[in-house]
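Take a look at the structure below.
The values are calculated or read from the model by the stated rules, or taken from the named source; none is laboratory data. Note that the structure is predicted; figures quoted are calculated from it, not measured. Because the Cβ atoms are built from the backbone with ideal geometry, glycine has one as well, and the counts that use them run over all protein chains shown. The accessibility values were calculated without ligands, DNA or RNA, using every heavy atom of the protein model including side chains. Shrake-Rupley method; radii C 1.70, N 1.55, O 1.52, S 1.80 Å.
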Amino acid sequence: MDLMDKGLLVVLSAPAGCGKDTVLAELKKQDENIKQSISMTTRLPREGEQNGVDYYFTTVEDFEKNIKENGFLEYVKYGVNYYGTPKKAIEEMLDTGKSVVLKIEVEGAGNVRKLYPEAISIFIMPPSLSELSRRLKNRGTETEEDINRRLKIAETEIQRAKEYKYIVINDDVQTCVNDILAILKAEHLKYDNMKNTINEIINN
Ligand code: 5GP
C-alpha cells in the first residue's frame with residue numbers, strides 16, 4: 001500500500017557554499033519520489049553546468065518577457081541576476097503526486113510560503129561561518145569580490161533562518177540528507193496527507 005497520498009512542496013534554502021546542490025543530488029538519488037524544480041536564470045553557466053539540467057539559462061529580455069506573461073511562481077533579482085521558478089512545470093509535477101523541491105533563496109522562499117502556506121520550508125546551515133568561507137574559497141569558481149559579496153549575503157540570510165519550519169546543519173552530507181528524509185517522512189504521515197489512505201482502510 002502506498003502510504004503517501006500526495007506530493008509535498010518543499011522549499012530548500014541555504015547560503016552559497018552550504019552544499020545544498022550536493023545534498024539535493026543525494027536526496028534525489030535516495031528517494032525517487034523527490035523531483036527538483038529547474039529554475040530560470042540570467043546568470044552565466046558555471047563550468048560543468050548544463051542548460052535544462054542545472055538551470056534554464058536565458059537572457060534578461062527573455063526573462064522579463066516571462067515575468068510579463070506571468071510565467072513564474074516567484075522570481076527575484078539576486079545580486080545582479082534574475083532567478084525564477086517556472087510556474088507550469090511545478091504544477092505539473094505536483095499533479096503527479098511527486099514531492100517537488102524548490103532550491104531558492106530566502107526572498108523567494110517567503111513568497112512561496114505566502115502562496116502555499118502548506119509548503120515545507122527547510123533551511124540548511126553551515127557548521128560555522130569560518131567553514132563556509134573556507135568552502136567558498138575552495139570552490140575556486142568565483143572572484144574574491146564575488147566570495148566576499150556571497151559571505152555578506154550568507155550572514156543576512158542566516159538571520160532569516162527563523163522564518164523556516166525546519167533547520168538542518170550540513171556538516172556531514174549523509175547526516176543532513178537523513179535529517180531531510182526524516183522531515184519529509186513525518187510530513188507525509190500528517191493527518192492531512194493521510195486522508196485518502198484512511199478512507200481506503202475504512203472502505204476495505
Ligand atoms: P547560484 O547562482 O549560486 O546558482 O544561486 C544563487 C541563489 O539563487 C541560490 O541561493 C539559489 O538557491 C537561488 N535560486 C536559484 N534559483 C532560484 C529561483 O528560481 N528563485 C529564487 N528565489 N532563488 C533561486
Running a GNM on the chain with Cα contacts under 10 Å, which residue among Val177, Val60, Val23 ends up with the highest mean-square fluctuation? Val60
The chain - Rg (one decimal) and Dmax (whole number), Cα, Å: 17.7, 64
Rolling a 1.4 angstrom probe over the protein heavy atoms, how many square angstrom per residue are accessible across segment 38-96? 62 Å²
Note the full-extension length gain between Arg43 and Glu142 as 0.36 nm times their separation in residues minus their Cα-Cα distance, in nm to one decimal. 34.4 nm
Of the accessible area of segment 38-96, with the probe set at 1.4 angstrom, what percent is carbon plus sulfur? 50 percent
Measuring from the longest principal axis of the C-alpha atoms of the chain, the long axis of helix 173-188 (C-alpha) lies at a number of degrees, nearest 10, equal to 40 degrees
When segment 1-122 is reduced to its Cα atoms, the Kirkwood hydrodynamic radius in Å: 15.0 Å
FRET efficiency for Lys114 and Glu155 from the Cβ-Cβ distance with R0 = 22 Å, rounded to 0.05, comes out at 0.35
Take every DSSP beta bridge whose two residues both sit in segment 55-204, then give the antiparallel share in percent to the nearest 5. 60 percent
Strictly over 21 Å apart at the Cα level, which of Lys103/Lys162; Lys35/Lys68; Lys77/Lys137; Lys20/Lys65; Lys20/Lys162; Lys165/Lys185 would you flag in this model? Lys35/Lys68; Lys77/Lys137; Lys20/Lys65
